[in-house]
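Reviewing the structure listed below.
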């Protein structure tokens, strides 16, 4: 805004202020400015009436919203005590370089913990895995490694949990000293596992069909796509030259 703009604003403000005052002589020597009471009427703001289509209906009311407990700090009081009462620690007494946890199902309280230890030696990797299962949301764990025959489970493939509340679990084991790779599949929330040898070397975690947990897909080290329709019992190669797959 230029200099002329500031001058206009200043003159307008001065004029507006001077409208409601008048000069009054109090004595022979002094003159004072007195505010006009009548001018207040001219500056009163009257409430505008709204058009009918904008006016609220007679049934329309405005009520003051009561403060919800969730919106106040009172809802957080005592959370430290509740958190401490529901926090539990567990020590896995094994040579675990990494620990993987997986919830199995919704509201079942089942947690699977997989500990893995790898020791590379020249061109060979020695590994050990331990499997633990909890039925009480992690308060206690039971060593169930015998369910996977003490097989070394590849950490990068993790614990593949089935969709929804199917109770299905798949773990991929490395038995390179024997027949290559095999999977351990469970359909009862990890209570028991069935092993199936794979006719290929997987390079990714086995994925479930979101609508049918018995249908599985996985790619191999030769960029082949393999499909199983019976929860890993039988596998069929359906495509070559596949780099990535997603349901």
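The values are calculated or read from the model by the stated rules, or taken from the named source; none is laboratory data. Since the model is a prediction, treat every value here as computed from it, not as a measurement. Note that each Cβ is placed from the backbone with ideal geometry, even for glycine, and that neighbours are counted across all protein chains shown.
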Could you tell me how many of the residues in region 161-196 are more than 21 Å from residue 116 (Cβ to Cβ) and either outside any strand (DSSP E or B) or outside the structural domain of residue 112 (by TED's automatic domain parsing) (or both)? 12
Kindly establish whether residue 178 is within 23 Å of the chain's Cα centre (by Cα), surrounded by fewer than 19 Cβ atoms within 10 Å (Cβ to Cβ) and modelled with pLDDT under 95. no
Looking only at region 97-114, filter to residues that are surrounded by fewer than 16 Cβ atoms within 10 Å (Cβ to Cβ) and part of a loop (DSSP other than H, G, I, E, B); which one of those is modelled with the lowest pLDDT? 97
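From the list 223, 234, which one is free of Cβ contacts under 8 Å to residues at least 24 places away in the same chain, touching a strand residue (DSSP E or B) at 6+ places or on another chain (Cβ under 7 Å) and in a loop (DSSP other than H, G, I, E, B)? Outline the logic, then answer.
Values: 223 fails: touching a strand residue (DSSP E or B) at 6+ places or on another chain (Cβ under 7 Å).
On inspection, the qualifying residue turns out to be 234.
What about residue 171, is it in contact with a strand residue (DSSP E or B) (Cβ under 6 Å, 6 or more places away or on another chain) and within 16 Å of residue 102 (Cα to Cα)? Working first, answer last.
Details: in contact with a strand residue (DSSP E or B) (Cβ under 6 Å, 6 or more places away or on another chain): yes; within 16 Å of residue 102 (Cα to Cα): yes.
So residue 171 passes the test.
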Here is a list of conditions, (1) in contact with a helix residue (DSSP H, G or I) (Cβ under 9 Å, 6 or more places away or on another chain); (2) modelled with pLDDT under 95; (3) closer than 16 Å to residue 110 by Cβ, and residue 166 meets all of them except one; can you say which number that is? (1)
Among the residues of region 115-134, are any modelled with pLDDT of 90 or more, in a loop (DSSP other than H, G, I, E, B) and in the same structural domain as residue 207 (by TED's automatic domain parsing)? no
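Scan region 197-220 for residues that are assigned to a strand (DSSP E or B) and surrounded by 18 or more Cβ atoms within 10 Å (Cβ to Cβ) and report the count. First the steps, then the outcome.
Step one: of region 197-220, the residues assigned to a strand (DSSP E or B) are 197, 202, 207-209, 212-220.
From what's left, surrounded by 18 or more Cβ atoms within 10 Å (Cβ to Cβ): 202, 208, 213, 216-220.
Adding up the residues that qualify gives 8.
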